[in-house]
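Contents: one structure, followed by commentary.
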Amino acid sequence: MKLENTGIENTVIDIQSLDHITAKHAFIRAGQWDYERATYDYKIGSNEKNVTYYIRIMAHSKEGDVDKRSAVVTLLPPLIGKHYYPHGVEYGDGEDFPESIVERASTLLKKISEELQYYKK
């Protein structure tokens, strides 16, 4: 599920600042990057059997390399995904997301959006 009008999409920021902000809010990049892209995930547990939710922030390099931590990136609209064990994460429009998950994502993304304003390029 794509989250629109979060204040995050189209933000241009250097990768080191983005790493700092997302880490403060428990988003993990780990090995989810290549030279041009980076992905940050926030895991939300669920009472549903074999289901976990994720909030995902994606960034695409505008200049520089993500691997060298010298990139300036543009953020894409965040997503909410639903992981079905053992099949993987689904971000499609056909997924049903509990209102509590959507509200939690919106609240968290609003905090991140506010912090991003200080680092925008």
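The values are calculated or read from the model by the stated rules, or taken from the named source; none is laboratory data. Fair warning: this is a prediction, and the values are worked out from it, not measured in the lab. Heads up, the Cβs are rebuilt from the backbone with ideal geometry, glycines too, and the neighbour counts pull from every protein chain shown. These accessible areas exclude ligands, DNA and RNA; they are computed on the full protein's heavy atoms, side chains included. Shrake-Rupley method; radii C 1.70, N 1.55, O 1.52, S 1.80 Å.
Computed per residue of the chain from DSSP H runs no shorter than four, each worth -39500 (n - 2.57), the mean residue ellipticity at 222 nm is -7500 deg cm²/dmol.
Exposed loop positions in the chain were taken to be GluC sites (Glu not before Pro) whose DSSP state is not H, G, I, E or B and which have at most 14 other beta-carbon atoms within 10 angstrom. Between these positions, the longest stretch is 49-94. Shown is the FRET efficiency for Lys43 and Asn10, computed with R0 = 30 Å from the Cβ-Cβ distance and rounded to the nearest 0.05: 0.75.
Across all C-alpha atoms in the chain, the radius of gyration and Dmax reach 14.2, 43 Å.
Taken along the Cα-to-beta-carbon direction at a fixed 7 Å, the label points for Gln32 and Val89 span 0.3 nm.
For the chain, the longest principal axis of the Cα atoms and the long axis of helix 99-116 meet at an angle of about 10 degrees. Given +1 at the Cβ of Lys and Arg, -1 at the Cβ of Asp and Glu and no other charges, the dipole of the range 1-95 around its Cα centre is 280 debye to the nearest 20. Average projection, convex hull of the Cα set of the range 52-116: 5.7 square nanometres.
Once you list every other residue whose beta carbon is under 15 Å from the beta carbon of Tyr35, what net charge do they have if Lys and Arg are +1 and Asp and Glu are -1? Cβ neighbours under 15 Å give a net charge of 0.
Ignoring ligands, DNA and RNA, what percent of the accessible area of the chain is carbon or sulfur (1.4 Å)? Of the solvent-accessible surface of the chain, carbon and sulfur hold 46 percent. Run the paramagnetic zone check for Asp65: 7 angstrom along Cα to Cβ, then residues of the range 15-43 with backbone nitrogen under 19 Å. Label zone hits: 15-17, 19, 30-39. Averaged over its residues, the range 5-111 has an accessible area of 55 Å² per residue, based on protein heavy atoms and a 1.4 Å probe. Axis of helix 15-24 versus longest Cα principal axis of the chain: the two differ by about 40°, to the nearest ten degrees.
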